[in-house]
Amino acid sequence: MDLQGGCFCGAVRYEIKGDIFNSTLCHCTDCRRISGAPALAWFSARRADFRYTTGEPARISSSEQVLRGFCPHCGTTLTFEDGRWPEELDIASCSLDDPEAVPPGDHTFVRSRLHWVKLADGLPEYPTTRTAGPGA
C-alpha cells in the first residue's frame with residue numbers, strides 16, 4: 001500500500017510504503033484527551049515502511065513506554081509509538097490524505113467508551129486491547 005498524509009498546517013508530512021494492519025477506533029481516555037474527540041482512529045505500519053517527507057513531529061510521553069507524535073505548529077495528532085513493539089508505528093487514520101483508504105476494523109478500549117457514544121457498525125468490540133481478547 002502507498003499512503004500519504006500529514007498534519008493540518010502541512011508542516012509535517014509522511015508516506016507509508018508497505019502493508020498496514022490493526023486498524024481500530026480507540027475509545028481509551030488518553031486517545032480521547034489527546035485528540036479532543038470521543039474516539040481516535042488508528043492503524044499500524046512497520047516502522048521500516050514509514051518515513052517523514054517534510055518536517056518532524058514533536059513527541060510527548062503519555063504513559064510508560066508510549067510516545068505520541070504531533071505537529072509542533074498546529075498540534076495535529078499523528079503517531080503513537082509503544083516501546084513494547086519497536087518495529088511498529090501507529091498512525092492517526094484521519095491524518096491521511098485519504099482517510100477512507102483505511103477504515104477501522106474494530107473498536108478497542110470500549111470499557112472507556114463515553115456512554116453517549118452508541119456503537120452500531122457491527123465491528124468487533126474489545127474491552128481493552130485486541131490481544132487481551134473480547135472478555136478482557
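The values are calculated or read from the model by the stated rules, or taken from the named source; none is laboratory data. Predicted model only: the values in this text are computed from it and were never measured. All Cβ positions, glycine included, derive from the backbone under ideal geometry; neighbour counts span all protein chains shown. When the accessible area is computed, the model is the full protein with side chains, heavy atoms only, and any ligands, DNA or RNA have been set aside. Shrake-Rupley method; radii C 1.70, N 1.55, O 1.52, S 1.80 Å.
How large is the helix-only mean residue ellipticity at 222 nm for the chain, computed as the sum of -39500 (n - 2.57) over DSSP H runs with n ≥ 4, divided by its residue count, in deg cm²/dmol to the nearest 500?
-1500 deg cm²/dmol
What whole-number distance in Å separates the alpha-carbon centres of region 77-136 and region 1-67?
So the separation of the two Cα centres works out to 12 Å.
Looking at the chain, identify the longest residue range that excludes and avoids all trypsin sites (Lys or Arg not before Pro) in DSSP loops having at most 16 other Cβ atoms within 10 Å.
The longest uninterrupted stretch comes out as 1-83.
Per residue, what accessible area does region 5-56 have, given a 1.4 Å probe and all protein chains present, in Å²?
Accessible area per residue, region 5-56: 48 Å².
Could you tell me which of rounded, prolate or oblate describes region 34-109, using a ≥ b ≥ c as the square roots of the eigenvalues of the alpha-carbon gyration tensor, with rounded for a/c under 1.5 and, failing that, prolate when a/b is larger than b/c and oblate otherwise?
Rounded.
Counting Lys and Arg as +1 and Asp and Glu as -1, what is the net charge of the other residues whose Cβ lies under 11 Å from the Cβ of Ser62? Don't skip to the end; give the middle numbers.
On the way: positive: Arg33, Arg59, Arg68; negative: Asp30, Glu64, Glu81, Asp82.
So the environment of Ser62 carries a net charge of -1.
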